[in-house]
Structures are given as C-alpha cells and as structure tokens.
Amino acid sequence: MKTIVIGVIGADVHAVGNRIIEYTLTREGFNVVNIGVLSSQEDFINAAIETNASMILVSSLYGHGELDCRGMREKCIEAGIGNILLYVGGNIVVGKQDFKEVEKRFKDMGFNRVYPPGTPIEAVIPDIKKDLGML
Amino acid sequence: MKNYLMVDFGSTYTKLTAVDLEKEDIIATASHYTTVSTDITEGYHKALLKLYDQLGKKITFDKIIACSSAAGGLKMCAIGLVEELTVEAARRVCLGAGGKVDLVFSNKLTSLEVAQIIEKNIDIVLLAGGTDGGNSEVVLYNAEMLGIYGVDVPIIYAGNKACQDEIRLIFEKYRLKGYFCDNVMPKLNVLNIDSANEVIRKIFLENIIEAKGIKKIESEIDQVILPTPNAVLKAAQLLSEGYLDEAGLGDLMLIDIGGATTDVYSVGWGYPSKTDVVLKGLQEPFAKRTVEGDLGMRYSAEGVLQSMSNREIYQYKKEGIDIEYEAQKRRENVEFIATNDRDIEVDAIFAKKCVSVAVSRHVGHLEMVYTPQGTIYFQTGKNLVDVGHLIGTGGIIIKSPKASEILLSACYDRNNPLELRPASPVMMIDYDYILSAMGLLSLYEPLVALRIMKKRIKVIEEGAMKTNAIA
Ligand code: B12
C-alpha cells in the first residue's frame with residue numbers, strides 16, 4: 001500500500017477540505033498519514049521519512065501558499081527524501097492571478113503537480129495513481 | 001504482624017524502609033554506603049543492623065524486595081530515525097523504564113557511534129525507527145551495523161513491525177542478544193510504551209542485575225525487581241491515580257534533586273486547557289520522567305553554573321557569593337555537607353537553579369503563531385499548569401530549611417509565560433524518602449503503599465509558603 005502524507009501548511013486553519021481529502025484517499029486504497037492543519041514543512045517531511053511515504057500532498061487554503069511552500073524541496077533533499085512526489089492545491093495564492101504563472105512558480109520550487117483553486121481531490125486521483133506507477 | 005522490607009541500592013547509599021502492613025505505616029528506615037564495588041551484601045548488612053537498632057530488636061520480614069540504581073544505573077542507548085519522532089519515542093521509553101540514557105542516535109549509525117556503545121558499557125540498546133509499514137531501510141542498516149561491530153549486550157528491536165522478521169535474521173546471523181517488542185511509535189506521533197517497558201524490565205531481571213554484581217544479594221532477599229527511577233515513577237502514578245476506593249491526589253509533579261542528576265516526574269495527560277491552543281508533536285507519556293545529567297548538587301554543580309547567565313553570576317557576586325568558586329568547591333568535594341547558614345544558602349541557590357532548569361525542560365512549551373485571524377498557540381509537550389500537587393524529594397529538599405523556596409522555582413514564571421509550569425500547586429515533601437520503597441511495595445500491596453504515602457508525604461507548613469510566596 002502506498003503511503004501519502006497530507007496536511008494543511010503554514011498558519012492555515014481550514015480543516016474541512018483536509019478531512020475530505022483524508023476520506024477520499026483512504027477510500028481509494030491509500031495509506032493516508034494526516035498531519036492536519038497548521039503544519040510546518042518539517043512536520044510533513046519528518047512524517048514522510050518515518051512512514052516511508054511516496055508522496056506529500058500539501059493543502060493551502062488561506063492564500064499564503066507561496067511563502068509557506070518555499071524551500072520545501074530543498075529541505076526534502078537535505079532530509080534524504082529528495083525524490084518524493086510533492087503535490088500542492090487548495091487556494092494557493094491570493095486573488096485572481098494567471099494560473100499558468102502560478103503553476104510555473106510552484107514547479108520551479110520543485111513541486112511535481114500544482115492544482116488551481118476549485119480542483120476537487122477526486123479529479124486528481126488518476127494523476128496520483130499514474131505518478132505512483134499504479135496504472 | 002506482617003512486615004515487609006524494601007531496599008533501595010542507590011549509587012551512594014543503600015536505603016532500607018521497613019513497613020508494618022497491618023499498621024499501614026513505616027516502622028523504621030536506615031541507610032549505609034552502597035558497597036557494590038566490593039560486596040553488595042556488606043552495606044546491606046550494616047544498614048540492617050542500624051534498622052534493628054532503631055526497632056530495638058531483630059525482627060523477621062515476610063518479604064524483602066529491592067530496587068537498584070547502583071553500579072552506574074541502567075545504562076541505555078536509544079536509537080531511532082527522525083530526532084523528533086522515533087528517536088524521541090525511544091528516549092522516552094528508556095527514561096520511563098528507569099534507564100539512564102547515555103547515548104541517543106538518529107538515522108544511520110556510524111562506526112564511531114557504534115564504538116561508543118561498546119566503550120560506554122551500555123547495558124541495553126533500544127533500536128527503533130519507522131512507523132509500522134514505514135521506513136525499514138534505516139533500522140535494517142542499523143541492525144547490521146550493531147552486528148558487524150559485535151555489540152554484545154541485549155538489543156531490543158522496537159521499530160517498524162514490517163521488517164521484524166528481517167531483523168530477526170540479522171540478529172541470528174551475528175548471534176546478537178536480540179529481543180522484540182511492539183513498535184515504540186506504531187503510527188505517526190503515537191507513543192507506545194508498555195510493551196518495550198515489559199521487555200526492558202525482563203532484561204533487567206535476567207541479565208543486568210547479574211552483570212552488575214547485584215544478583216549476589218538475592219541469596220538473602222527475595223528479589224531485586226526494578227530500576228530505582230522506575231519504582232519512583234510507579235509510586236508517583238499510584239499516588240496520583242489512587243487505588244480502588246482510596247482516592248489519589250490527581251495530577252502531580254515530583255522533583256528529585258541528587259548529587260549528579262535532577263529527575264522530574266509528572267503524572268497527567270497535560271492537554272491544552274484553552275481552545276486557541278493546538279497540540280503538536282509526539283504524544284506524551286501519561287506518567288513521564290525526565291533526567292538532567294548536567295544538573296545536580298555536587299557532581300554536576302558546574303553544569304548548574306553553566307546554566308546561569310552572566311547577569312545572575314554577577315548579581316550573586318554583588319551579594320558576596322562567588323558562584324564559580326562555590327560550584328567548583330562542590331564538584332571537587334562531593335561529600336561536602338552544608339552546615340552553616342551561608343553554605344545552606346548557597347546550596348539552596350544551586351537547588352533552585354536545578355529545579356527551575358529541569359522543570360523548564362520537562363514541561364510543555366507554547367509557541368505563538370500569527371495567523372490572518374489573530375494569534376493562536378502551538379503546544380508541544382505537557383501542559384502542567386493545573387497540576388494540583390508538587391512533591392519534593394532527595395536530600396537537599398528534604399533537609400533544607402528553604403525547601404519551599406526551592407520548590408517554588410518549579411512554578412509559573414512571569415518572565416517565561418510560554419512555559420507550561422505548575423501555577424499554584426500544593427507543595428509537599430517526602431520527608432522520609434520513601435517514594436522508591438512505596439513504588440516497590442505497590443507491586444504487591446498498592447493500597448497500603450498509597451495510604452502510607454498519603455500519611456507520610458506532608459504538605460509544607462503554610463507559614464513557610466506564605467513568606468516565600470511574597471519573596
Ligand atoms: C469555512 C472558511 C473559513 C473558516 C475555516 C474553519 C475551519 N477551521 O475549517 C474560518 C472562518 C476560520 C476561515 C478563516 C479564514 N479564511 Co476562510 N474560508 C472558509 C470558506 C468559506 C470555506 C472553506 C471550506 O471549508 N470549504 C469546503 C472544503 C471541502 O473545500 P476546500 O477547503 O476548498 O478543500 C477542497 C479543495 O480546495 C481541494 N483541495 C484542498 N487542498 C488540496 C490540495 C490538492 C493537491 C488538491 C488537488 C486539491 C486540494 O480539495 C478539498 C476537498 O474537496 C472558504 C470559501 C470557500 N467557499 O471555499 C473561505 C476561504 C478559503 N477563506 C479565505 C480567507 C482569506 C480566510 C481568512 C484569511 C480570512 C481572514 N482575513 O480572517 C482566514 C484565515 C484563517 C487561517 N489562519 O487559516 C479565502 C482564501 C482566499 C485565497 N486563498 O485567495 C476564502 C477562499 C474565502 C474568499 N473567497 O475570500 N475561513
């Protein structure tokens with residue numbers, strides 16, 4: 001069973017979507033390790049190391065995602081899990097910005113997949129399965 | 001009449017506590033230097049003679065049980081993967097079992113680290129790493145390392161369940177003294193103490209006592225059952241929880257200042273008490289013990305000095321106390337006993353610092369986080385603000401006329417509002433030094449042990465508390 005670490009990054013308290021993601025991914029047959037809201041980059045990374053996770057799925061709902069996610073890939077590399085898959089979604093930036101630009105910035109930061117606001121978790125299950133070599 | 005004798009083989013003293021079960025009280029206590037380096041029975045016999053002296057006659061005991069921290073205590077090495085997670089879980093298990101955690105390693109072991117395990121004469125290695133089904137690469141690597149370098153002491157595997165069989169093969173391949181228990185962190189941030197504790201105790205009984213030359217005493221007494229700190233933790237838990245109809249004191253904190261270390265124990269879950277506080281990190285043990293090896297009245301007096309700021313040292317100097325000199329004096333003469341007012345005063349300064357720093361490291365801490373909605377707090381560790389009772393034990397607290405002042409340094413400090421220290425506990429003292437004995441007794445007669453503790457551990461006189469509260 002593949003393990004996915006999920007959580008809401010930074011000083012973000014939006015808890016509802018996080019629960020739905022846990023429920024959905026568990027139902028899809030993943031071992032979900034949910035570190036909950038208000039999680040730091042280190043919390044995600046430590047959890048991924050101990051649980052041997054294949055992916056970290058970061059939620060950011062309150063608009064400060066870009067600040068909160070910066071440097072995360074570098075820390076993964078430092079911690080010995082440099083190849084782990086990093087996903088991010090929710091409402092990752094404030095206001096109406098061209099998503100192509102936003103996506104590029106997050107990809108430059110080392111995120112493998114970046115989703116625009118309003119992407120429900122169900123919609124990305126195929127991506128997850130593909131990236132984890134399950135399809 | 002039914003009498004039990006409890007013996008505590010300490011690093012310096014062998015302490016005897018005789019209990020009359022029907023009276024539910026202590027009938028005599030006595031002590032003598034521990035003689036484990038020559039023959040452990042010698043010191044025991046001498047203490048026993050003193051005990052008979054006190055009783056005015058020789059009596060027989062229906063049971064004689066002992067705990068021990070002699071011959072260096074139970075020296076443990078805790079190994080895990082991530083420092084904040086399985087390493088911390090392994091460390092907490094060792095401390096709770098009454099161990100002295102001399103070495104702590106994270107991630108892949110190096111040859112130098114393994115060499116230290118051998119050099120430092122570690123008694124038991126606790127090997128953890130990975131949640132169940134999680135990382136196995138590192139624990140497998142570490143087991144191999146212990147094998148390659150021939151670590152010849154009991155090794156308890158307390159890591160990822162999924163690779164237990166592979167670990168077993170490694171243990172067999174290198175003929176290691178392998179033991180198995182449940183994972184100390186089966187899921188992320190979940191702490192699982194009991195199974196590992198059981199195995200540590202079993203090894204303590206079967207191997208350690210023998211290896212340390214303590215076994216010899218068992219020709220004269222029934223059994224050496226526990227490492228001393230584990231007995232104290234058991235006593236603290238019983239006193240807190242109560243037994244059957246006999247109520248306990250509720251959440252409590254216990255402080256034991258010794259010559260070399262300061263131990264802090266707390267019983268209670270310590271969850272946040274406010275809604276704007278979010279609990280973070282590894283689960284805390286309900287009955288928790290921490291040990292500070294750099295804080296003590298004699299062997300570690302210089303460690304206490306190091307924890308003082310230059311300003312503090314300067315302040316004392318202005319008051320005519322040369323703290324640096326005093327620390328050195330205590331370190332160089334560990335048998336030193338304060339007799340005059342000034343030395344008692346200086347001892348109290350050291351004791352207060354031991355308590356303050358050790359409690360700071362034991363209790364949980366709050367961290368402020370600014371969110372767009374306002375401030376919220378993260379809590380890591382135990383919230384011990386509402387702890388009802390604070391108990392002091394150990395020579396300096398028991399004997400010092402400034403005991404309440406010393407204990408007061410454990411409490412809430414305006415300058416450090418983010419430390420979750422007890423706010424206004426009832427302060428008590430274990431005047432007869434009976435906690436380890438009562439922990440032992442609790443294994444057989446919990447009700448009697450509880451009633452004796454409630455009778456003998458006394459609230460510090462109100463008067464003393466008031467004057468100190470003002471100061
Ligand atoms: C309820 C709510 C709150 C509640 C949260 C209560 C709680 N503890 O959960 C409270 C009142 C506390 C709150 C506070 C704030 N909120 Co608010 N909140 C909302 C609201 C109305 C609903 C959120 C919700 O629960 N949705 C339902 C769940 C199921 O959906 P979801 O969270 O979006 O999650 C789904 C998807 O996003 C997706 N998803 C999530 N993560 C990921 C990750 C990946 C990889 C993928 C593929 C998908 C994915 O899957 C989830 C499940 O389907 C939204 C508006 C809205 N309608 O979305 C605003 C909203 C999220 N909040 C917003 C803001 C600005 C704030 C505050 C800053 C307001 C303020 N100034 O005080 C604070 C921030 C507090 C903090 N520190 O986090 C903005 C964010 C703007 C932005 N990012 O551009 C929103 C969008 C409102 C708006 N339109 O302005 N909020």
Within the range B:255-286: backbone nitrogen closer than 14 Å to the B:Val334 label point (7 Å, Cα to C-beta) = B:258-262
Give the cross-link partners of B:Lys458 among the lysines, using a straight C-alpha distance below 22 Å as the criterion and excluding same-chain residues fewer than 8 apart.
-> B:Lys15, B:Lys23, B:Lys234, B:Lys352, B:Lys399, B:Lys402, B:Lys466
Magnitude of the Cβ-charge dipole (Lys and Arg +1, Asp and Glu -1) of the protein assembly as shown about the Cα centre, nearest 20 debye, reported as 80 debye
Which GluC sites (Glu not before Pro) in the range B:264-331 pass both tests, a DSSP loop state and at most 16 other beta-carbon atoms within 10 Å?
-> B:Glu319
Dipole-positive endmost among A:Tyr62, A:Leu38, A:Thr24 within the range A:3-131 (Cβ charges, Cα centre) | A:Thr24
Among B:Gly392, B:Thr375, B:Ser424 - extreme Cα towards positive end, dipole of the range B:237-432, charges at beta-carbon = B:Thr375
Work out, in µm²/s and without decimals, the Stokes-Einstein translational diffusion coefficient of chain B at 37 °C, 0.692 mPa s, Rh from Kirkwood over C-alpha pairs.
-> 140 µm²/s
Name the residues of the range B:374-412 whose amide N is less than 17 Å from a point 7 angstrom out from the Cα of B:Gln54 along the C-beta direction?
-> B:394-396, B:398-399
How crowded by other chains is B:129-136, given as the mean number of beta carbons from other chains within 10 Å of each beta carbon?
-> 5
Note: A:1-8 gets an average of partner chain Cβ contacts (10 Å, Cβ to Cβ) equal to 1
Rounded to the nearest whole number, the Stokes-Einstein translational diffusion coefficient of the range B:297-441 at 4 °C and 1.567 mPa s (Kirkwood radius, C-alpha pairs) in µm²/s is 76 µm²/s
Give me the compactness ratio for the protein assembly as shown, meaning the Cα radius of gyration over 2.2 N^0.38 Å.
-> 1.08
For the range B:421-438 and the range A:1-65, compute the distance between their C-alpha centroids and round to whole Å.
-> 43 Å
Near the amide H of B:Leu74, under 5 Å away, which other amide H atoms are found, from residues 5 or more places off or on another chain, if H is placed in the peptide plane?
-> B:Lys100
Cα gyration tensor of the range B:74-207 diagonalised, 5x eigenvalues square-rooted, in angstrom largest first, produces semi-axes 18, 17, 14
Based on the alpha carbon coordinates of the range A:3-131, what radius of gyration and maximum Cα-Cα distance (Dmax) apply, in Å?
-> 13.2, 38
Computed lengthening from B:Asp341 to B:Trp269, 0.36 nm per intervening residue step minus Cα-Cα distance = 21.9 nm
Where Lys and Arg each count +1 and Asp and Glu each count -1, what net charge lies around B:Asn415 among other residues with Cβ under 13 Å from its Cβ?
-> 0
Averaged over residues of B:74-87, the number of beta carbons from other chains lying within 10 Å of each residue's Cβ is 2
Mind checking which aspartates and glutamates have their Cα closer than 18 Å to the Cα of B:Lys382? Skip sequence neighbours fewer than 8 apart in that chain.
-> B:Glu84, B:Glu88, B:Glu241, B:Asp251, B:Asp263, B:Asp276, B:Glu284, B:Glu292, B:Glu367, B:Asp413, B:Glu419
For labels at B:Glu324 and B:Tyr33 in the simple 7 Å Cα→Cβ model, what's the distance in nm?
-> 3.4 nm
Just flag the trypsin sites (Lys or Arg not before Pro) in the range B:49-140 sitting in loop per DSSP whose Cβ has no more than 10 other Cβ atoms within 10 Å.
-> B:Lys57, B:Lys58
Taking the mean number of other Cβ atoms within 10 Å as a proxy for protection, how do you rank B:332-341, B:31-40 from highest to lowest?
-> B:31-40, B:332-341
B:Leu103-B:Ala247 FRET efficiency (beta carbon distance; Förster radius 30 Å; 0.05 resolution) = 0.15
Selection from B:Leu188, B:Ile344, B:Tyr157 lying farthest towards where the dipole of chain B points positive, charges on Cβ = B:Ile344
Between the DSSP loop rule and a limit of at most 15 other Cβ atoms within 10 Å, which GluC sites (Glu not before Pro) in the range B:1-72 are left?
-> B:Glu22
Can you flag which of A:Lys96/A:Lys129; B:Lys75/B:Lys173; B:Lys202/B:Lys454; A:Lys2/B:Lys161; B:Lys318/B:Lys353; A:Lys130/B:Lys108 are past 21 Å Cα-Cα?
-> A:Lys96/A:Lys129; B:Lys75/B:Lys173; B:Lys202/B:Lys454; A:Lys130/B:Lys108
Rounded to the nearest 20 debye, dipole of the range B:237-432 from Cβ charges on Lys, Arg, Asp, Glu | 520 debye
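Read-outs throughout are calculated quantities, based only on the coordinates presented, and are distinct from any laboratory measurement. This is a predicted model, so every value here is computed, not measured. As a convention, Cβ positions derive from the backbone with ideal geometry for all residues, glycine included, and neighbour counts pool all protein chains shown.
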